[in-house]
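Accompanying notes for the structure given below.
The values are calculated or read from the model by the stated rules, or taken from the named source; none is laboratory data. Small disclaimer: the values here were computed from a predicted structure and weren't measured. We place every Cβ from the backbone using ideal geometry, glycine too, and count neighbours over all the protein chains shown.
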Ligand SMILES: N[C@@H](CCC(=O)N[C@@H](CS)C(=O)NCC(=O)O)C(=O)O
C-alpha cells in the first residue's frame, strides 16, 4: 500500500511537470487538432480580431502556415492572446505550442528563457510616436519627456541605453497591459510612446482617434528582428516552424502564389517542384506529408502576399517592404534552399 501511494505521488509530480518537459510538440498538436498560438492581445496588422472576431495579421499567418503544414488546415489554430510579460511563461509552461507575437530575437531569450527563435518574419527597429502639438522633429529634443512603454519588452532596455548615450533624460511610465498603456498615452499622461516602429504605425492607425495628429520621429534606436519562437528541446517542431516560414519566402522568390499554386504543380522548375512536393522528400524529412508547403501557399499565401494584405501598401498600415523585401530586391529576406 505504502509503496503504491509513493508510486502514485511520483506519477502526480511527473504529470505536473509534463507540459514543460514534453518534447514531441507535433504529436501534442495532432492530439489537440490545433496549434495553440500565442499572439498579442490585439495589434492591428500583426495579430488582431477583425469585425467578425477572426484573428488576422502577419503573425497570425505564421500560426496559420504552421497549422496548414502540420494539420492540413490553416484554420486549425487556437489563438492565445498574451501581453509582453506573459509570453515566455506561456511558452515554457506548455500553454502554447508557438509564440508568434512581435517578439524580438535576443541572445537571452534564445538561451536563458528556454525559448528559441525559428525565423525572423519582420525586421524592425524601435521608434518614437509623438503628438504633432509638441512641435518636436527629433528624438534628441525629448529631454525631460515622459515616455510610455510596455512592461517586459526589449523597448525598456533600449530606451535606457539610448537616453544614456545621447544625454536625454526621460521619465518612464511602464505599464503591463497594452490597452492601459495606449489609454495612458492617448489621455496625455505621456509625451511619447516608444516601441517597435511597426507597433507605432499600428497604434497610430488603429488605437488613436485622430491619427493625423501624431507623427513617428525619424530616429530608429535599435534593431528589433521579430520572429516566431518555440520551446527549446524539440528540434523536430523547431524545424516545422522554421521551414514553414522558409516555404513562404521561397514561394515568393519563385513566384508561386495562392492564386497560381495549382498551375505551378506542373512547373518545370526543379525548385518549384521540390517546394510543392512534386519531387523530393522535404515533407518526409520534416515528419509531414509532401503537400505541407503546397497547403501553406494555397491557404495562407506566400510571404509577399501575407505582407501586403496585413501590413503593406494594401493594408491600413502601409508599411513599405524596406528590410522585409526579398534579398533580390534590396531586403533581408533570403530563402534557404529546399532540397
Ligand atoms: N519587440 C519588442 C516589443 C514587443 C511588444 O510587446 N510590443 C507591445 C507594443 S506596446 C505589444 O505588442 N503589445 C501588445 C499586447 O501586449 O497585446 C519585444 O519583443 O519586447
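Taken together, the residues in the range 305-337 that are over 18 Å from residue 201 (Cβ atoms) and surrounded by 17 or more Cβ atoms within 10 Å (Cβ to Cβ) amount to 4. For the range 112-134, a tally of residues being under 28 Å from residue 233 (Cβ atoms) and outside any strand (DSSP E or B) returns 7.
Filter the range 88-111 for residues that are part of a loop (DSSP other than H, G, I, E, B) and out of contact with any helix residue (DSSP H, G or I) (no Cβ under 7 Å at 6 or more places or on another chain) and give the result. Of everything in the range 88-111, those that are part of a loop (DSSP other than H, G, I, E, B) and out of contact with any helix residue (DSSP H, G or I) (no Cβ under 7 Å at 6 or more places or on another chain) turn out to be 95, 105, 111. Taken over the range 162-203, the criterion of being more than 14 Å from the ligand (Cβ to nearest atom) and either buried (at least 16 other Cβ atoms within 10 Å of the Cβ) or within 25 Å of the chain's Cα centre (by Cα) (or both) is satisfied by 162, 163, 168, 170, 191. Residues in the range 65-87 that are in contact with a helix residue (DSSP H, G or I) (Cβ under 7 Å, 6 or more places away or on another chain) and either over 17 Å from residue 32 (Cβ atoms) or surrounded by 24 or more Cβ atoms within 10 Å (Cβ to Cβ) (or both): 65, 66, 68, 69, 70, 77, 82, 83. On inspection, residue 241 qualifies as in the same structural domain as residue 274 (by TED's automatic domain parsing), under 15 Å from the mean Cα position of the chain (by Cα) and in contact (Cβ under 8 Å) with a residue 40 or more places away in the chain.
Every listed requirement among (1) out of contact with any strand residue (DSSP E or B) (no Cβ under 8 Å at 6 or more places or on another chain); (2) assigned to a loop (DSSP other than H, G, I, E, B); (3) crowded, with 17+ Cβ neighbours inside 10 Å is met by residue 61 save one, (2). Take the residues in the range 139-155 that are within 16 Å of the ligand (Cβ to nearest atom) and crowded, with 20+ Cβ neighbours inside 10 Å, then tell me which one is farthest from the chain's Cα centre (by Cα). In this case the residue turns out to be 147.
Can residue 167 be described as at pLDDT 95 or above, touching a helix residue (DSSP H, G or I) at 6+ places or on another chain (Cβ under 6 Å) and farther than 17 Å from residue 42 by Cα? Considered against the rule, which asks whether it is at pLDDT 95 or above, touching a helix residue (DSSP H, G or I) at 6+ places or on another chain (Cβ under 6 Å) and farther than 17 Å from residue 42 by Cα, residue 167 comes out as no. May I ask you to verify whether residue 229 is in contact (Cβ under 8 Å) with a residue 40 or more places away in the chain and either in the same structural domain as residue 113 (by TED's automatic domain parsing) or closer than 30 Å to residue 30 by Cβ (or both)? Yes; evaluated as a whole, the condition is true for this residue.
The single residue among 84, 48 that is near the ligand (Cβ under 10 Å from one of its atoms), assigned to a strand (DSSP E or B), assigned by TED's automatic domain parsing to the domain that holds residue 290 and at pLDDT 95 or above turns out to be 48.
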